[in-house]
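Visitor: Encoded as structure tokens, here's the structure I'll be asking about.
The values are calculated or read from the model by the stated rules, or taken from the named source; none is laboratory data. Owing to the predicted nature of the structure, the values given are computational and were not obtained by experimental measurement. Glycine gets a Cβ as well: all are built from the backbone with ideal geometry, and neighbour counts include every protein chain shown.
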């Protein structure tokens, strides 16, 4: 598939995955890959912290929007601008109420705990309002592509279920209309796609498969390719003997142990990848494991190249 | 700070009556909780573990595949006993309401209310709240020497610490006070203002939602003291000298950041972690990453070339892991650090848990297991 075509197919890409699978790295990678295809990208984080900014060498952004990567031309290729933005559920609720006739009351309500009652009375209202903010960004054309670093997988389902929950709970009122509008966004494959992230291990893959079927059945959201992070590149010949290597004894032992460890991890990984393929009929994009200490701009650039290659291979 | 530091994991199991395993999702928290309870049973204790959403195969192995509220006894080759349960948030909450209600009619009125169903089913923090409730109940029963609790995957340690106050805080809400004291003199003025707020709310979230919330608060009348006392008792248990927090982490950069955040939050609540368990540690080798990189060049083309590449990859990653674990140790200098090696497969039977119990307890004084 042509990467430009892929990134143009939906205006919003929601990236979700279980904790510890590198969801934020995947979101940053996708943003960088789209930028490389010339698109302007808005990377939205909803967990109330900005983990992606350092991956672009930028300082963490707050609630305000900040430029993470400037538009540039390198080797004749135009890179689109990447901006980052954080939307927290609490802020979304306060902001929404103050724009709906509660101006003077909102502060008092926050202090008196009435906000908590509203949030409890209408489960999912905060998630819905975060999605509402994303929908507003989408309709005002805030960027060519909006990449959302969604809450962890279990919560991702709740996150995407929130609009239908709120629509059914609040049968009238402005919040009901908001829910209906967000549902239109979620249900339209040309506007929004969900990209699930995993690593090639048993439990994360089980959770991914479960989440995939649940979101498709219950939320009706379009599922894009699955991103598999931290895939160990294959090394051929690991079973060859190290007995004759000209190294000291301790090093020889380390060589043997490292080879055996790598071979066993690769075998387990292949087994899980194959299972994922047979249990979930979605294309996979495999990201290589980064060997090193930190994920910074250079690593994101490398992963973005791999992501584009993965899309081309679809 | 009331925590006293422990010499090793065995000491922790011997000296505490409650162990709370906290940390973000995806780091092996449930498995560590269950293995801790196994270690206690091996040490002759009557141990119970409250698990939250365990992976299916682990739940099957423990015989707790169904949500349940009573601990199931698990047979195993240990002198003590091991009981486990998979927390059922909704029915635990119903039990709590029934316990505090004046009569069945009040309990049923609350349980049937939609606002209550939201509170007991979907309100964030409810799972934490019920986990501590269950912990308190099992601890009070006197049937166990040690209760181990898994916590829901959240990045906010405070969700658990504040959980006991969840309902009493809701009951401190002015809406509650207003709707339960409609006609008493001093409340009249507030009441008019409150009615206005409620009307405005109804315009936004719809009238049914507001009516249900009001009905919920009215149904709770007279129960608030019971809930408040219980919350205070639970908070006392969490702060007790014989309660320990164990932070579970993995050496991945993102989870280490979260773990350090957790430690700060715990510290601010004056509840320091007694131990930090770092799962998924790579094999510890003596070759440095620099030397491994040299070997890649030196051995290229030879039979040991592929092994050299594997060694370079492994040591580069392991070095980063070590740096991050050291950062974590700096953030919790008094805590015991236990490193658990990456296992070839997910744990889904008692033997697997026993193996982790062995790895947890064999470490001494924060030293890397040999």
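Visitor: Among A:189, A:204, which is the only one that is touching a residue at least 60 places away in the same chain (Cβ under 8 Å), out of contact with any helix residue (DSSP H, G or I) (no Cβ under 9 Å at 6 or more places or on another chain), more than 22 Å from residue A:302 (Cβ to Cβ) and not in a strand (DSSP E or B)? So that I can check it myself, show each step before the final result.
Guide: Numbers: A:204 fails: out of contact with any helix residue (DSSP H, G or I) (no Cβ under 9 Å at 6 or more places or on another chain).
Of A:189, A:204, the one residue that is touching a residue at least 60 places away in the same chain (Cβ under 8 Å), out of contact with any helix residue (DSSP H, G or I) (no Cβ under 9 Å at 6 or more places or on another chain), more than 22 Å from residue A:302 (Cβ to Cβ) and not in a strand (DSSP E or B) is A:189.
Visitor: OK, next. Quick check, is residue B:76 away from every other protein chain (no Cβ under 14 Å) and touching a residue at least 60 places away in the same chain (Cβ under 8 Å)? Can you show your working first?
Guide: Numbers: away from every other protein chain (no Cβ under 14 Å): yes; touching a residue at least 60 places away in the same chain (Cβ under 8 Å): yes.
Yes.
The rows are residues; the columns are (1) surrounded by 15 or more Cβ atoms within 10 Å (Cβ to Cβ); (2) within 14 Å of chain A (Cβ to nearest Cβ).
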| site | (1), (2) |
| --- | --- |
| B:62 | yes, no |
| B:80 | yes, no |
| B:83 | yes, no |
| B:92 | yes, no |
| B:102 | no, no |
| B:116 | yes, yes |
| B:131 | yes, no |
| B:142 | no, no |
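Visitor: Step by step: first the residues of the range A:271-297, then only those that are away from chain B (no Cβ under 14 Å) and without any contact (Cβ under 8 Å) to a residue 12 or more places away in the chain, then the one that is surrounded by the most Cβ atoms within 10 Å (Cβ to Cβ). Which residue is that?
Guide: A:277
Visitor: Among the residues of the range B:11-28, are any closer than 22 Å to residue B:127 by Cα, in a strand (DSSP E or B), within 14 Å of chain A (Cβ to nearest Cβ) and at pLDDT 85 or above? Explain how you work it out, then say what you get.
Guide: Residues of the range B:11-28 closer than 22 Å to residue B:127 by Cα: B:17-28.
Still in the list and also in a strand (DSSP E or B): B:18-22.
Going one step further and asking which of them are within 14 Å of chain A (Cβ to nearest Cβ), we end up with B:22.
Then keep just the ones that are at pLDDT 85 or above; that gives B:22.
Taking every residue of the range B:11-28 in turn, at least one turns out to be closer than 22 Å to residue B:127 by Cα, in a strand (DSSP E or B), within 14 Å of chain A (Cβ to nearest Cβ) and at pLDDT 85 or above.
Visitor: Please specify each residue of the range A:195-221 satisfying the condition of being surrounded by 18 or more Cβ atoms within 10 Å (Cβ to Cβ) and within 17 Å of residue A:164 (Cβ to Cβ).
Guide: Residues satisfying the conditions are A:211, A:215, A:219, A:221.
Visitor: Out of (1) within 26 Å of residue A:100 (Cα to Cα); (2) in a loop (DSSP other than H, G, I, E, B); (3) more than 14 Å from chain B (Cβ to nearest Cβ), what's the single condition that is false for residue A:123?
Guide: The number of the failed condition is (3).
Visitor: Given the options A:157, A:192, name the one that is surrounded by 24 or more Cβ atoms within 10 Å (Cβ to Cβ), farther than 30 Å from residue A:256 by Cβ and under 17 Å from the mean Cα position of the chain (by Cα).
Guide: Details: A:157 fails: surrounded by 24 or more Cβ atoms within 10 Å (Cβ to Cβ).
A:192 is the lone residue from the list that is surrounded by 24 or more Cβ atoms within 10 Å (Cβ to Cβ), farther than 30 Å from residue A:256 by Cβ and under 17 Å from the mean Cα position of the chain (by Cα).
Visitor: Out of B:197, B:210, B:214, which single residue is in a helix (DSSP H, G or I), crowded, with 22+ Cβ neighbours inside 10 Å and modelled with pLDDT under 85?
Guide: B:210
Visitor: If you take the residues in the range A:171-188 that are out of contact with any strand residue (DSSP E or B) (no Cβ under 9 Å at 6 or more places or on another chain) and away from chain B (no Cβ under 14 Å), which one is surrounded by the most Cβ atoms within 10 Å (Cβ to Cβ)?
Guide: The initial filter retains those residues of the range A:171-188 that are out of contact with any strand residue (DSSP E or B) (no Cβ under 9 Å at 6 or more places or on another chain), namely A:171-184.
Going one step further and asking which of them are away from chain B (no Cβ under 14 Å), we end up with A:181-184.
Details: A:181: 16, A:182: 26, A:183: 19, A:184: 12.
Ranking the qualifying residues of the range A:171-188, first place goes to A:182.
Visitor: Please work out which residue is farthest from residue A:265 (Cα to Cα), limiting yourself to the range B:268-307 and to residues that are free of Cβ contacts under 8 Å to residues at least 24 places away in the same chain and away from chain A (no Cβ under 12 Å).
Guide: B:268
Visitor: Then there is this: Pick from A:68, A:128: which is within 13 Å of another protein chain (Cβ to nearest Cβ), surrounded by 21 or more Cβ atoms within 10 Å (Cβ to Cβ) and modelled with pLDDT of 85 or more? Spell out the reasoning first.
Guide: Details: A:68 fails: within 13 Å of another protein chain (Cβ to nearest Cβ).
Exactly one residue qualifies, and that residue is A:128.
Visitor: Out of everything in the range A:256-270 that is out of contact with any helix residue (DSSP H, G or I) (no Cβ under 9 Å at 6 or more places or on another chain) and within 18 Å of residue A:206 (Cβ to Cβ), what residue ends up being nearest to the other protein chains (Cβ to nearest Cβ)?
Guide: Taking the range A:256-270 and keeping what is out of contact with any helix residue (DSSP H, G or I) (no Cβ under 9 Å at 6 or more places or on another chain), we get A:264-267, A:269-270.
Still in the running and within 18 Å of residue A:206 (Cβ to Cβ): A:269-270.
Numbers: A:269: 11, A:270: 14 Å.
Looking at the filtered set, the residue picked out is A:269.
Visitor: Let me ask something else about it. What is the residue count in the range A:229-255 for residues that are touching a helix residue (DSSP H, G or I) at 6+ places or on another chain (Cβ under 8 Å) and more than 7 Å from every other protein chain (Cβ to nearest Cβ)?
Guide: First, pick out the residues of the range A:229-255 that are touching a helix residue (DSSP H, G or I) at 6+ places or on another chain (Cβ under 8 Å): A:229, A:231-232, A:234-240, A:242-243, A:245-247, A:251, A:254-255.
Within this subset, residues satisfying the condition of being more than 7 Å from every other protein chain (Cβ to nearest Cβ) are A:229, A:231-232, A:234, A:239, A:243, A:246.
Total meeting the criteria: 7.
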